[in-house]
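Report on the following structure.
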Amino acid sequence: MKYVYIALAVILIIISAKGVQYLESNNGTVADFECDKCNVVIIGFDALQARHVSHLGYSRQTTPTIDLLAKKGISFSHNYSVASWTVPSFMSYFTSLYPSEHKVTNKFVTFQGDTKVLSNLKKLSPDVLTIAEAFKNSGYITGGFTGDAGVHSNFGYSQGFDVYTDESVFGSIDNSSNHALNWLDQNPEKPFFMFLHGYDAHGQFSGVDENYRSKFTDKPEFEITPERQRDLREEGLAYGQILVSSSELEEWNAWYDGKIYDADQRIKKFLGGLETRGLLENTVIIVISDHGTEIGEHRRFDHGYSLYNELINVPLVITLPNKEIGEIIDVHVRSIDLVPTIFDIIGIEYTKEWKDQIRGESLLPIISGNRTENLPVFSETDYRNYTHKRSYISPDNWKYIHTMETDSGELYNLTADAEEYNNIMETEEERTKDMKAELFKHLAKMGEDIADEWPIGCLPVYADQCL
């Protein structure tokens, strides 16, 4: 059997003076992309890589529900998360702060026998504002319904929510939806802000995972098992060493795509619940993801360790009630831009405290076409202290990644090398110097000490590690 290293990607090229591609439906206008005092639902579709979203150019029909939302609203094909795993990422969405500022940067696991015990948790400071608090102070009821794990209240995620559920470890969108709809039934006719989240597409194995491939693969040849997933995760996570056949990678991609499709269908069911309650006509629906996942790209399997685009390029879809716009915008935007964008859509007041805190920019000028240049993108990861990486994507589409513990870098021309396989740092010395300087200037503004020690270590994900 021939073994190869494969990165599966679909590169979407949109040619437009304003970086906008129109979907079939374009009966609305972005000039009044506002919805004063509307309800807001943020759907956190955990671990969804943008390259696997159908309306962004993927060959498989993985996301028909999200595609329909995009057809009605606005989709950003180059939305970047400022972190590559759950714990710090969603917190940046909700605070408009970088992880190094909000400090919710890690989750450490120890074991008592085979029982996982979280330790040395970094919880959000009560001095940091959250979007849930902003809605609550604006007269909304606030509810968060999640799949636990990386968005647990232990990290401060419940701050500002009247109700917050996180009791189901790696719980599904269905489980979260049931809680959410029951909550709405108990609070009729009140304006609400909701965070709905589930781990349906996430890498953790479940008993029905064998069935996911059947949507996209006729004749599976390889076993999809927790043991095989663990092997790939360990070999690929920190070391970038997975060696698998192209056939097996195709089946893992079919597995991932099947999980995405099932999650998408559960979102459809939830939206149906809103519709039967008459709530869609006054509710803004936003779909986001915290990070993507690696299925063989860069010889890795999972997420968190690196900052390549398969992990930080994630969907952002915003749909307003009673509008049919249907635009895909390819301007580079960031997860930290969500808070000010929502504030402008809903009409939430920017208090002095919020003005001081917000690091992102409202996307309404980009949506209206008044701004067409890419925003600078900075991302970071300190995943379980396996590594400490920082990255910068410039407005002209170059990318620099710096590994802090080894003081080493990588440079990519994303226009010519979207998959980030050709590190040209040595042949682009001047550009590397400029990109590194821009990244380090940003880090200094965030309060990071570049000269600091960056220790790494073995922190267990499984009970028999680090023994």
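Values quoted throughout were computed directly from the atomic coordinates according to the rules given, and no laboratory measurement underlies them. Keep in mind that this is a model prediction, so the values were computed, not measured. Cβ atoms come from the backbone with ideal geometry, glycine included; neighbour counts cover every protein chain shown.
A few points about this structure:
- Estimated inter-spin distance, Ser138 and Phe440, nm [label 7 Å along Cα→Cβ]: 4.1
- Lys, Arg +1 and Asp, Glu -1 on Cβ, resulting dipole of segment 285-376 about Cα centre, debye, nearest 20: 120
- Annotation: amide H-H contacts under 5 Å for Met425 (H modelled 1.01 Å from N, sequence separation of 5 or more, or interchain): Leu411.
- Rounded if a/c under 1.5, otherwise prolate or oblate - segment 240-355, Cα gyration tensor axes: oblate
- In sequence order, segment 323-338 has phi-based couplings of 10, 10, 9, x, 10, 10, 10, 9, 5, 5, 10, 10, 4, 5, 7, 5 Hz under the Karplus curve 6.51 cos²θ - 1.76 cosθ + 1.60, θ = phi - 60°, and Gly or Pro positions carry x.
- Vicinal HN-Hα couplings computed from phi for segment 186-199 (Karplus, 6.51 cos²θ - 1.76 cosθ + 1.60; Hz; Gly/Pro x): 7, 10, x, 6, 10, x, 9, 10, 9, 10, 10, 8, x, 9
- Note on the chain: antiparallel DSSP beta bridges, both residues inside, total approximately 60 percent of the bridges counted.
- Reachable aspartates and glutamates from Lys122, criterion Cα separation under 13 angstrom, eight or more residues apart if same chain: Glu101, Asp382
- Mean separation of Cα pairs under 8 Å and 6 or more residues apart, divided by the residue count, gives the chain a relative contact order of 26 percent.
- Subtracting the Cα-Cα distance of Ser214 and Glu429 from their residue separation scaled by 0.36 nm leaves 72.6 nm.
- J(HN,Hα) series, segment 314-320, from Karplus relation 6.51 cos²θ - 1.76 cosθ + 1.60, nearest Hz, glycine and proline x: 10, x, 9, 10, 10, 10, 9
- Tensor-based shape of segment 327-423 (alpha-carbon gyration tensor, a/c under 1.5 rounded, otherwise prolate or oblate): oblate
- Within the straight-line cut-off of under 14 Å between alpha carbons, the aspartates and glutamates reachable from Lys433 are Asp407, Glu410, sequence neighbours fewer than 8 places apart in one chain being disregarded.
- Inverse mean reciprocal Cα-Cα distance (Kirkwood Rh) of the chain, Å: 22.5
- Candidate lysines - alpha carbon under 26 Å from Lys269, same-chain residues fewer than 8 apart omitted: Lys37, Lys71, Lys72, Lys190, Lys215, Lys259, Lys323
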